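Derivation of every value follows stated rules applied to the coordinates shown; laboratory data play no part. In this text the structure is predicted, and so the values were computed from the model without any measurement. No Cβ is skipped: glycine too gets one built from the backbone with ideal geometry, and neighbour counts run over all protein chains shown.
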Amino acid sequence: MNLNGFIKKSVAWFLRKIGWEFHRISKNSISKEIKPPPLLDDPLEALLLHQSGKKIAFKCPVELCRVESGFGFGLNQWHPFVAFLRQNKKSKNLNYKGSLLQQYYDEWNPKNAGQAIAGFDHPPKLFARLLPYNIFLTPWTSWSPQNFHKIISKWYKYDFLEHGRPEFDLMTHGSNSFGPVSAKMGKFEFDRLLKIFNQLKTKGYRRELGDIGVMIIRRQSDYRFLIAGGGQHRAAAMAAHGKTHFPAQFKVDYFVADVKDAAYWPQVRSGLWTEREALLYVDHLFHFDSKSWANAMRYTV
């Protein structure tokens, strides 16, 4: 197998692992609709059924949802997408220039993966030498830092293609998780979020186009959800509309990270994270006050 073939197979495997399902065959085609699985009220009941091999969905509580940087979607948390969409609800004729989203991308420019985890003081030492997008190398993932650049670049390329921007790439235009981004990328995210927000307002959440992919991080009887299979924009739009739950599925292979298994998490075994750092990161995802962080950074409307 040649190098291009290997990379394509690796990316396809990576996308399947995180739950991304690409149905478009051209840049203008429409996602294939799929029949949604049953939607349960109880996430833990859904987890047990998922572990038994049943395809199931559940109503995921917005207040307990996080992303790798530590940002959250609930009323007591802060996320740049949600904050921007709430700003849009208050403002008429809002443009990207002058929006909170532009402010965030212009000002929040972490230099490395450690800095990209907002407010976290104990990142792995190697993170200081890795680019910010390497925050996706969480303790429970198994990706190699040496190969991750090629995989994540392809991942973003697929996402840009999926949304009609095949000319975009990660290194030129940036990541939507933080700045800096190109002006075109910022405007693209601005338009993308508003489109999803307005579609939800007029048509509601269309489950036949796919539920939001998550994994669960568990600590004894307490837990948080990490959006890990696509859907961050939809989750933000749902939160901005004031919804307390959204339809979710456990779409990643490694769909439960339980702290009792921390010593065996792949990146702890590999030495990228120490067990102590991994457990402190979980504490961060559980307790980080992203709203206070945003207020201190003046990312508020």
Exercise for review: Please tell me which of these pairs span more than 31 angstrom C-alpha to C-alpha: Lys55/Lys195; Lys157/Lys251; Lys195/Lys251; Lys35/Lys187?
Suggested key: Lys35/Lys187
Check your understanding: Taking 0.36 nm per residue of separation and subtracting the Cα-Cα distance, what length does fully extending Arg192 through Glu107 add?
Key -> 28.5 nm
**Study point:** Charge dipole (segment 233-293, unit charges on Cβ, about Cα centre) - positive-most of Ala278, His241, Phe255
**Key:** His241
Practice item. Can you tell me the order of 69-81, 226-238, 185-197, 41-53 when each peptide is scored by its average per-residue count of other Cβ atoms within 10 angstrom, highest first? Key: 226-238, 69-81, 185-197, 41-53
Point to revise | Mean-position separation - Cα centroids, segment 134-207 and segment 233-301, in angstrom | key: 18
Check your understanding: According to a simple spin-label model (label point 7 Å from Cα along Cα-to-Cβ), what is the distance in nm between Asp253 and Ser182?
Key -> 3.3
Check your understanding: Between Trp293 and Gln220, what FRET efficiency comes out of the Förster formula 1/(1 + (r/R0)^6) with R0 = 30 Å and r the beta carbon distance, rounded to 0.05?
Key -> 0.70
Practice item. For segment 37-297, calculate the relative contact order in percent as a whole number, restricting contacts to Cα pairs under 8 Å that are 6 or more residues apart. Key: 27
Study note, to complete from the structure: Once both label points are put 7 Å beyond Cα along the C-beta direction, the Leu280-Asn95 separation in nm becomes 4.5
